[in-house]
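Contents: one structure, followed by commentary.
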Amino acid sequence: MGPGTDAVRFERLVNEGIAAVAMNDPARALATLDRALELWRGSALSDFAFEDFARNESGRLEDLRLLAIEERVDAALALGRHA
């Protein structure tokens, strides 16, 4: 994932997807989380891997990515997509 705008957009989409799950709208959640995960193109902030500021943020974004995957699976299951 590139720095800046991609990370902000990713986080916004993940939060929207999680909100859609909470509102019992799995179709919207699935679509939104798919869009968020499509932005992920490798390690977060990899260009800044050795910078102190990037370590915590990179870990936080990776945790958010894992949460997005879990929520996406839940949304897919709610839609009967067990495969």
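Please treat every number below as a calculation from the coordinates, not as lab data. Treat the numbers as computed from the prediction; the structure is a model and nothing was measured. No Cβ is skipped: glycine too gets one built from the backbone with ideal geometry, and neighbour counts run over all protein chains shown.
So the values come out like this:
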item: FRET efficiency, 1/(1 + (r/R0)^6) with R0 22 Å, evaluated for residue 35 and residue 56 via beta carbons; result: 0.30
item: Cleavage-rule hits, GluC sites (Glu not before Pro), the stretch 50-83, DSSP coil, Cβ neighbours within 10 Å at most 12; result: 51
